[in-house]
Each structure stands twice: as C-alpha cells, then as structure tokens.
Amino acid sequence: MRNIKKLVINAVVVSLTALVMTGCSSMMEGLQSQMEVPTLENQANRVAIGMTIVRENNIMAFKMPISADAQWPALVASDINETQDKFIIDFLMDGPYFSTVHYSDAIQRRMLGSSSSMSMFGNYANLASSILNQKVKPLTKRAIQKIIIFYGEDEENWPNIFNFDSTLDNFLEFKDGNIKDIEAVTGDVYETLGEAVISLTPVNLQKDLSVARGEMLDEYVEVASIKSEKGYFQTKLKADEARTQEQKDEDNDYTPLTTQEKLDIEKEIILVETRIKAAESVADEKEAIYFELLDEAVVALESDINIDDENYVKLAKNVNIVSNEIQTGAIQAYTSFSLASANIISGDIVFKFPRELESLAIAKANVPIYLQANYDERLLRLVKNAVYLLPNILIGTYYANKQSSLAGKYESVTNIILLAHQAKVEQELAAKEAAEEAEEEQKSDK
C-alpha cells in the first residue's frame, strides 16, 4: 500500500510538473503560488510584479511615443529568447531575495508548512512543493524583459521593482530608473497610445474623444487615491492583530490598540468605502461616455476607413499590438493581485507574520558571510513592504481592471481597420489570381 501511495504521489508530481512547464503565464503563476512556502514575503514579491506590470502598461500607454514605423511595439510583444532568459535569471539571482531564498526555504517549510491545496500529498506535501516550485516565476521574467526594453541592459538605470515606495502618490509611476531614448521615427508621432487611437477615428469625433478621455483618466486617479486610504486603515488593523498575538506568545512590550481605537478605525473604513463608491460612480460615468464615443467611432469606421493610406494602417497595427500587450499584461497583473489576496486570506499569512520573521531569523545562520548583506536587505525590505502590501493590492487591482477594459476598446477600434485592410488585400490577391488565370486561358486558346 505504501508503495502504491508513493507511485500515485510521483505520478501527480510529474503531471503537475508538465502542466506547470507548458501552461500559460497566468495559469503557471497560479499553480506555482501553491508550491511555494505560504509567506507574506512571497505575496509581497507577487504584488511587486503585479505593480511592475501595471506600471509597464502605463509606460506603453503614456510614456512611449508611437508612430507607424515605431519598432518598440514588436519588441514588447516578442517572446523571451535564451539570451534574455539567462540575463534575467542572472540579474535576479544577484538580488536580496533570490540569492538567499534557498538558505531559508527548508526552515520556512518546516516552520510554516505548505499551502492548504498541497494537503493532498499528506506527509509528502513539503517534498512535492519544493520539487515543483520554480523560484523565478514566468510573470517575473516577462516583467523584467520589459524593464530591459524600456530601461536598457544597464541595471543602474532600472527601477527597484521589489521595493514598495513609502508613498502611494502617483502609483502608476516608477519612483526611480531612467527610461532610455526610443528609436528615431518618421512621420506623424503621437505622444501617447490614446492620442494615436483618437487620430485613427473620424475627424468629427476626435475633439470629443480627447476631452472625454482626459476626464475619465482624472477620475481613475481619484478612485485609486481613496482606495489607498482604505488600504492604510486595513493594514493598521491587521498589523495590530498580528502583533497582539505575538505579544501573547512571546510576552513582548507591544501595546495593542484599544477597543475604541479599533472602532474608530473601522468607522474610518466605512467612511472611506462610501467615498470610494461615490468616486467610482463618477469614474464609471466618465468611462461610459468615453467608451460610447469609441463605439461610435467603430461604427463610423465600418463605413468609412482610409485603408489606402499605408501609414494609417501601419499605425493601426502598432496600436493594436500595444493594446493587446497591455490587455494581456493587465490580466496577468490582476492574476498576481488576486492570488496574493487569496493566499493571504486562506493561509492566515498576516497572523503568521511574526512566525515568518522568526523563521528568517533562524535561517540567517545558514547564510554565508558574503551574502549576509543581501539577507539583511531582504529582511528590511520585507518589513517595509508588509506595511504597504494591502494598499498596493487594492490600487493595483483597480488599475489592472481599468487598463484591461481600456485596451480592449482600443483593440476594437484597430481591429475594424485591420480587418478591412485584410479584406482588401485578399480581394486584390483574388483579383490578381483571376487575372493571371484569364491570361493563361487566353494564351492556351491561341
């Protein structure tokens, strides 16, 4: 019986490994999240990648001038090649987390266990998780690939994507790093993706579209700002619960929040939630106006598209590529935030945070001297990131959702143009083939 159980476990491990290695990035991320040690640090890293993707989407939408002959759209949509993969792995393995995690992983598995979904393996849960767990997740690689495209290969110019900023102002911007100059382009150049989309629409709609777009984006920022306030209050309550439990276990000198202080914070959360609903209502209204105008543009384009203009079609193709990439990235970011939220809730990760810090303190003895500085930086980063984890999840989820919706609308505009152009090309090809056949028949008749 024991041997049969081992065979079943081995079969499941092999099957899961195959799925992990062949699935799409979001699915792989979901599976991988169940293989890792359920720690707040892993969720913070996951959220950091989600934030990075959202900010990279913002770069593509607002920071990268686009034209008919711009080359960067094809670059951001390209697959990771072997050279890039090695470069990315080497970079990550030099960082505080990846350079030291294998020294703490075993101890953390013993002290914190594995995810609840791995209980199917029984006594083999930790072994199976450690076998299946990939240290560098697919979404992490994809995020770093775009960092290379936007910031170049010199890591000195890169933003520190794993370090949460102490302020949530201007969430969509990296707080450091220097974006490299893009390639020289000719013809009409548009400063943002939205401006390029509007240029593809009928002239009589362009002014209204520009105004509606600006008003919608302003309301997005307002909603995200209020959501950050809610995150701060939630973090304060969660941190108090965790530290209060730690005090009971270890008899430290922490002074818990009083009942009244907790009630005051809960009242603040209720007030903030009311403000969020009001702000979201306004944002949804502005979004609906902009989206309706884009729908009007699509209808108008169905009967009047300038597909004879080569640059017009090439610009539509570039916009379509970027829009698709933003939408894909937004879904991936949303996946990161959702997984982090689910893992935090299902595993009581916040309440186990003192235990997590204890496990890292014990594991420090395993870290060689030359990596002690990296390990210390890892611990400092974790303590800081823990404070801002929930606010970043709330804001990131909101923006990922909005980016996906907006990119989908932009795709609908460009799809009409590209489908019409494709139909024209096919018609011309069919006409050419028919003419050639007629010519051949004439020759054969002679």
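The values are calculated or read from the model by the stated rules, or taken from the named source; none is laboratory data. The shown structure was predicted, so the numbers you read here are calculated from the model rather than taken from an experiment. Cβ coordinates were reconstructed from backbone atoms using ideal geometry, including for glycine residues, and neighbour counts include every protein chain displayed. These accessible areas exclude ligands, DNA and RNA; they are computed on the full protein's heavy atoms, side chains included. Shrake-Rupley method; radii C 1.70, N 1.55, O 1.52, S 1.80 Å.
Between Ala300 and Val189, the modelled label-to-label distance comes to 2.8 nm, taking each label 7 Å out from Cα in the direction of the beta carbon. Here the contact order of the range 201-307, divided by its residue count and restricted to Cα pairs under 8 Å and six or more residues apart, works out to 52 percent. Here each label is just a point 7 Å from Cα along the line to Cβ, and for Glu173 and Gln422 those points are 3.9 nm apart. Overall, the accessible surface of the range 236-380 at a probe of 1.4 angstrom is composed of carbon and sulfur to the extent of 53 percent.
Here the mean projected area of the convex hull built on the C-alpha positions of the range 314-446 is 15.8 nm². For the range 41-112 and the range 317-349, write down the distance between their C-alpha centroids in whole Å. So the two Cα centres are separated by 13 Å. Each Lys or Arg adds one and each Asp or Glu takes one away; over the other residues whose Cβ falls under 13 Å from the Cβ of Ala431, this sums to -4.
Rounded to the nearest whole Hz, the Karplus-based 3J(HN,Hα) values (6.51 cos²θ - 1.76 cosθ + 1.60, θ = phi - 60°) of the range 320-329 follow the sequence 5, 4, 5, 4, 5, 5, 5, 5, 4, x, with x at glycine and proline. Cβ-Cβ distance of Glu156 and Asp79, R₀ of 22 Å, FRET efficiency by 1/(1 + (r/R0)^6): the value works out to about 0.25. The trypsin sites (Lys or Arg not before Pro) of the range 407-437 include none that meets both conditions, a loop assignment by DSSP and at most 13 other Cβ atoms within 10 Å of the site Cβ.
Within the set Lys314/Lys402; Lys238/Lys286; Lys180/Lys286; Lys63/Lys141, which residue pairs have Cα atoms separated by over 31 Å? Over 31 Å Cα-Cα: Lys238/Lys286; Lys180/Lys286.
Straight-distance candidates among the aspartates and glutamates for linking to Lys424, with alpha-carbon spacing under 17 Å and chain neighbours fewer than 8 residues away dropped: Glu302, Asp304, Asp308, Asp309, Glu310, Glu433. A DSSP coil position with no more than 16 other Cβ atoms inside 10 Å describes none of the trypsin sites (Lys or Arg not before Pro) in the range 305-357. FRET efficiency for the pair Val387 and Ala431, taken as 1/(1 + (r/R0)^6) with r the Cβ-Cβ distance and R0 = 56 Å, rounds to 0.25.
When a/c is below 1.5 the answer is rounded, else prolate if a/b is larger than b/c, else oblate, so apply that to the range 41-102 with a ≥ b ≥ c taken from the square roots of the Cα gyration tensor eigenvalues. Judged from the Cα gyration tensor, the range 41-102 comes out oblate (a/c at least 1.5, b/c at or above a/b). When the Cα gyration tensor is reduced to axis lengths a ≥ b ≥ c, the ratio a/c is 1.5 or higher for the range 284-333, and with a/b not above b/c it is classed as oblate. At an R0 of 45 angstrom, the distance between the Cβ atoms of Asp348 and Lys180 translates into a FRET efficiency of 0.55.
Residues of the range 197-316: accessible area per residue at 1.4 Å, in Å²?
Values: 6970 Å² over 120 residues.
Value for the range 197-316: 58 Å² per residue.
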